[in-house]
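See structure below.
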């Protein structure tokens, strides 16, 4: 009996290798760019970024690039994937797909059910989605930078670093994007990426040899109304949008002290809670707690003095409240609730939500705003008072 089981196990293991293929036999797609078509009236222009195994070979001459982009146009996404076989000389595989970039023009027309194919396919649903700002996804995926081996890794790494240290960007997985597109009471918000400057040449080796090369930078948050791109949050407003949703690990607030001088507060703890109250008019309420420390001084104050710290806390409170109000107002002007005030209302008052959900975008845009910020500056680094200039 044991011998028979052993034989069956061995057969099972051998059959498990029947689909094994050498890396040189497959085209591993690690990123996909989706744009409006150029050569047809409808459909998509799809760019597939495929790993170039020759680049990683021991016998590589060093002149090859780590990835190769292939672009096709078709009426549907699946048709484009199958049509790519006419130009990709290996069997296509999306099991290592790590990134989706969508062109801004396509996002403004509407995403529709563009993500449906990724839910049904063989790829993982945890890879992030970005919007190519002021450019196409094809252009974004066409830039190879000196510090990273491929654009996919560069975009993800830059976004993750920014998310930890300043929070303009956030890595949003595709399953989260699908959830927001199909749910009630909260609209989709995606990070944007763009080229720092136009490519001087289509020859990527020249970009690699440039001391100031064209790079992909994270920039702004795309706000969607239903499935269409409605507008952008930029700079501190993009950061504040994440602050409202408690999605900020750490960031910094420069506070004016004298003239154009500033005191910078670096935060190490931010937490926000949102709710919608009916008073009887809908009121968008944000309660935020900010903990931080003095990280930089450009003007002299006695920070060892408790009264001075209290003044800074008040100034930080006023600045944060102002930014939160402005950020919500910008979303109201676009009639897009990217924060989820409607979603919270649907849980707290389901009867009201059922009656008014179809008009929520109008109610949201006309709602009052109430912001409560609590600040605490716990210390001033390793020093107390700064050195004095003569």
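Below are the figures for this structure:
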| read-out | value |
| --- | --- |
| Subset of region 158-171 (residues that are within 11 Å of the chain's Cα centre (by Cα) and without any contact (Cβ under 8 Å) to a residue 12 or more places away in the chain) | 160 |
| Single residue of 310, 317 found to be surrounded by 13 or more Cβ atoms within 10 Å (Cβ to Cβ), assigned to a helix (DSSP H, G or I) and free of Cβ contacts under 8 Å to residues at least 60 places away in the same chain | 317 |
| Hits in region 128-158 - residues which are surrounded by 18 or more Cβ atoms within 10 Å (Cβ to Cβ) and touching a helix residue (DSSP H, G or I) at 6+ places or on another chain (Cβ under 6 Å) | 129, 131, 132, 133, 141, 143, 144, 145 |
| Single condition residue 362 does not satisfy, out of (1) more than 26 Å from the chain's Cα centre (by Cα); (2) surrounded by 19 or more Cβ atoms within 10 Å (Cβ to Cβ) | (2) |
| Selection within region 329-364 - touching a helix residue (DSSP H, G or I) at 6+ places or on another chain (Cβ under 6 Å), closer than 13 Å to residue 284 by Cα and part of a loop (DSSP other than H, G, I, E, B) | 337, 338, 339 |
| Region 254-306: number of residues that are loosely packed, with under 15 Cβ neighbours inside 10 Å and in a loop (DSSP other than H, G, I, E, B) | 12 |
| Scope region 120-143; condition more than 16 Å from the chain's Cα centre (by Cα) and at pLDDT below 80; matching residues | 120, 121, 122, 123, 124 |
| Top-ranked residue of region 235-253 - restricted to ones that are farther than 23 Å from residue 308 by Cβ and part of a loop (DSSP other than H, G, I, E, B), ranked as modelled with the lowest pLDDT | 249 |
| Filter pass, residue 67 being closer than 26 Å to residue 221 by Cβ and under 24 Å from the mean Cα position of the chain (by Cα) | no |
| Exclusive hit being modelled with pLDDT of 95 or more and either outside the structural domain of residue 262 (by TED's automatic domain parsing) or within 30 Å of residue 177 (Cα to Cα) (or both), set 329, 315 | 329 |
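Conditions tested, residue by residue: (1) touching a helix residue (DSSP H, G or I) at 6+ places or on another chain (Cβ under 6 Å); (2) at pLDDT below 95.
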site: 175; (1), (2): no, yes
site: 182; (1), (2): no, yes
site: 202; (1), (2): no, yes
site: 207; (1), (2): no, yes
site: 211; (1), (2): no, yes
site: 215; (1), (2): no, yes
site: 220; (1), (2): yes, yes
site: 230; (1), (2): yes, no
site: 233; (1), (2): yes, no
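The values are calculated or read from the model by the stated rules, or taken from the named source; none is laboratory data. Only a predicted model underlies this, so the values are computations on that prediction, with no experimental measurement involved. FYI the Cβ positions are ideal-geometry reconstructions off the backbone, even for glycines, and counts take in every protein chain you see.
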